[in-house]
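Everything on this sheet refers to the single structure shown next.
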Amino acid sequence: MTEFYSDTIGLPKTDPRLWRLRTDELGRESWEYLTPQQAANDPPSTFTQWLLQDPKFPQPHPERNKHSPDFSAFDACHNGASFFKLLQEPDSGIFPCQYKGPMFMTIGYVAVNYIAGIEIPEHERIELIRYIVNTAHPVDGGWGLHSVDKSTVFGTVLNYVILRLLGLPKDHPVCAKARSTLLRLGGAIGSPHWGKIWLSALNLYKWEGVNPAPPETWLLPYSLPMHPGRWWVHTRGVYIPVSYLSLVKFSCPMTPLLEELRNEIYTKPFDKINFSKNRNTVCGVDLYYPHSTTLNIANSLVVFYEKYLRNRFIYSLSKKKVYDLIKTELQNTDSLCIAPVNQAFCALVTLIEEGVDSEAFQRLQYRFKDALFHGPQGMTIMGTNGVQTWDCAFAIQYFFVAGLAERPEFYNTIVSAYKFLCHAQFDTECVPGSYRDKRKGAWGFSTKTQGYTVADCTAEAIKAIIMVKNSPVFSEVHHMISSERLFEGIDVLLNLQNIGSFEYGSFATYEKIKAPLAMETLNPAEVFGNIMVEYPYVECTDSSVLGLTYFHKYFDYRKEEIRTRIRIAIEFIKKSQLPDGSWYGSWGICFTYAGMFALEALHTVGETYENSSTVRKCCDFLVSKQMKDGGWGESMKSSELHSYVDSEKSLVVQTAWALIALLFAEYSNKEVIDRGIDLLKNRQEESGEWKFESVEGVFNHSCAIEYPSYRFLFPIKALGMYSRAYETHTL
């Protein structure tokens, strides 16, 4: 079992044998901590055993492995798939994982419970502390925006406050070291906007030092480009409850612990700080996206308005408006909300409005557990409530691509994932007045309950389902979803394509682009880029093409229109290619990830290395990045700097991405591909497992996030594609 930093310094830990992950047919994930007596009669799933490093995990022992002289790509592919199927939860069909990386999620769960006077259960408290301690910077003891970041004020002050609220004393070595780093960075006064908001809610900062988030914007005509109903869904999801908190200037009652914290996180006495002079004070280490002059002028005008012009009528009207919007968010998502950041803010507003014993607040307490995930390092709030739909769609597709899906040993794996996708399709519309588009027939990123349509997830789910429905092997489950339901999904997907004046032919994430990209000049977050409105994403466009081309091949529904939509999406993809042949990837790291998706999309319309200059340029770019050992490795710095940066060593996931791109392109130099395949085979454990090497995902250019299933899914696909192309005798 791995020894972590928390073990070396003697922090308490729970008994990993007593944890159980519960899932249901809709993909909800929640952890329970049992008594020894309960655990004796409640065996853990193989996923739980593997994740928590239980020695009783049924480790596979395949006949052929990397030490065998005749070990083929297909053997490696099959071994990887045989291991991966053990990580599927039998009750739901999903592949659970700790979708972690961001270091600003857990503050909401801890702060809301502290403000509400609710004691976090001891087993959770212990493991929340362990996770934060185990992700501290190994040199200076601070925390960053994400788990592999440098120490920042944002990450350090929020996680320091969490540790203190959870009971770690200020003189504990972890706290002392982190506090030293925080003060060296200038103290909490340099925290970016979201940090200042949480500190103000906890009475550790003053609202006059927080840039405004006026709820009155929701009273403006929707026809205005700046109306928040046109913003990106995550941004408006966060700033609806934040605007309420900003309006009422909520700060919780002072406690002795909070008094202590006021004296610990600043470089000068709290009462001596002029907070109003520090609205725009952000530590240089934190500042990824500086304010525009436009935003600074707007903030100054709104501060003047709030101080001298806002009347009680407008105050009451705007307060009611945003609280009504919060209630629609809770209705549309059964209190999950789009993600944990806005969920926590919505919970705090609900606590203020309804009280701790209200049904609405209690439902939020229940739903907090959906994103609270345990792992070997400890427990944390994930980036969302999971990646269930995304991973299941990929698992089905890649097992088919690899020639595995119809083999008897993988039948249950495919059927279970397929059943989950059938259950995960949205079958209701959002309540009126939600500023939400049609969703019935679509799929989201995680679960049906979460309720937010995602373009690429819808496309990938449709493709996966068609693969199963086309296979006679799975005839017993074909009835679970009708063609008409797939048509509904296609209707939503087509409605998501930008065919107006914004980024013609592209797909964004959750909605069409509804406002000019110039709205980014009003980005207040300071640590993220491209958050104000929807943006065109090459990966989302690529995946949408994959779903549409596959559907178009087997169905006549809206056939001519779909042909046109595919054509204009391909034109957007080509237009987006950079001069060096690459594409910038926004949801994975980075140019390698985007290149893989782009070349697969181009493959579906017949473009290869031989006949397409676009494909040739990308292949040449990827081949130029191959490392001496035959693999590929790209750093998170690529996402931040928008320029390719090598990682310290080659990485399994990114090697698989590059190989998939080259195989779809039918790249002519097989030796380049062979070297990459050899690396995937050699990095595989004898059991079929690939170990974690580096973070795989990213969002908003600056925040890394892990996709734990990727280290199985993409190597399985790459090895399977290679085997079908060059090892047909093994199938």
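Only the coordinates and a few stated rules stand behind these numbers; no lab work does. Quick caveat: nothing in here was measured; it's all calculated off a predicted structure. Ideal geometry is used to build each Cβ from the backbone, glycine not excepted, and the neighbour counts take in all protein chains shown.
If you take the C-alpha gyration tensor of the stretch 193-350, multiply each eigenvalue by 5 and take the square root, what semi-axes do you get, largest first, in whole Å?
Over the Cα atoms of the stretch 193-350, the semi-axes work out to 26, 20, 16 Å.
Ignoring everything except DSSP H segments at least 4 long, calculate the 222 nm mean residue ellipticity for the chain; use -39,500 (n - 2.57) per segment, divide by total residues, nearest 500. Provide the component values of the computation, followed by the final result.
Working: 27 runs with 340 residues, N = 731.
After summing the helix terms and dividing by the residues of the chain, the value is -14500 deg cm²/dmol.
Measure of size requested: the Rg and Dmax of the stretch 114-206, with Cα atoms as the atom set and Å as the unit; please supply both.
12.7, 35
Arranged from highest to lowest average of other beta-carbon atoms within 10 Å per residue, in what order do the peptides 576-582, 261-267 appear?
Per-residue mean Cβ counts within 10 Å order the peptides as 261-267, 576-582.
Enter the angle in degrees (range 0 to 90, nearest 10) between the Cα long axis of helix 388-401 and the first principal axis of the Cα atoms of the chain, meaning the one along which they spread out most.
10
Could you give log10 I(q)/I(0) at q = 0.07 Å⁻¹ for the stretch 388-730, computed by the Debye formula over C-alpha point scatterers of equal weight, without solvent?
The calculated log intensity ratios at q = 0.07 Å⁻¹ are -0.27.
Suppose every K and R has +1 on its Cβ and every D and E has -1 on its Cβ; what is the size of the dipole of the stretch 388-730 about the Cα centre, in Debye to the nearest 20?
The calculated dipole for the stretch 388-730 is roughly 580 debye.
Convert each backbone phi in the stretch 82-93 into a coupling constant with the Karplus relation 6.51 cos²θ - 1.76 cosθ + 1.60 (shift: θ = phi - 60°), then list the ³J(HN,Hα) values in order as whole Hz, x for Gly and Pro.
5, 6, 4, 5, 5, 8, 8, 7, x, 6, 10, x
Under the 0.36 nm per residue contour assumption, what length would be gained going from the current alpha-carbon distance of Tyr366 and His642 to full extension? All intermediate terms of the calculation are to be shown ahead of the outcome.
Details: separation 276, 0.36 × 276 = 99.36 nm, distance 4.01 nm.
Once the chain is fully extended between Tyr366 and His642, it gains 95.4 nm.
For the ranges 77-90, 476-489, what's the packing order if you count other beta-carbon atoms within 10 Å of each residue, average per peptide, and put the highest first?
77-90, 476-489
Please compute the contact order of the stretch 514-618 in relative form: average sequence separation of alpha-carbon pairs under 8 Å and at least six residues apart, divided by the residue count, as a percent. Walk me through the intermediate numbers first.
Numbers: 101 pairs, mean separation 26.0, N = 105.
For the stretch 514-618, the relative contact order is 25 percent.
5 Å is the cut-off here: which amide hydrogens, built 1.01 Å from N in the peptide plane, fall below it relative to Asp646, excluding neighbours closer than 5 in sequence?
Ser635
In angstroms, what radius of gyration and Dmax does the chain have, counting Cα atoms only?
Just the Cα atoms of the chain yield Rg and Dmax of 25.3, 80 Å.
Assuming R0 = 56 Å, can you tell me the calculated FRET efficiency for the pair Asn41 and Lys177, based on Cβ-Cβ distance, to the nearest 0.05?
0.85
Ranking request for peptides 434-447, 244-257, 321-334: highest mean number of other beta-carbon atoms within 10 Å first, then the rest in descending order.
Working: 434-447: 22.9, 244-257: 16.2, 321-334: 20.4.
Put in order of decreasing packing, that is 434-447, 321-334, 244-257.
Could you grab the relative contact order for the stretch 106-370? Cα pairs under 8 Å, six or more apart, rounded to a whole percent.
That works out to 21 percent.
Could you please report the charge total around Glu640, scoring K, R as +1 and D, E as -1 over all other residues with beta-carbon less than 15 angstrom from its beta-carbon?
In short, -3.
Based on the Cα atoms of the stretch 5-147, what semi-axes does the equivalent ellipsoid have, where each is the square root of 5 times one gyration tensor eigenvalue, given in whole Å with the largest first?
Over the Cα atoms of the stretch 5-147, the ellipsoid semi-axes are 33, 21, 16 Å.
Find the percent of Cα-Cα distances in the stretch 106-370 that exceed 22 Å, and round it to a whole number.
Value for the stretch 106-370: 57 percent of Cα pairs lie more than 22 Å apart.
With an 8 Å cut-off on Cα pairs and a minimum separation of 6 or more residues, tell me the relative contact order of the chain in percent.
Once normalised by length, the contact order is 16 percent.
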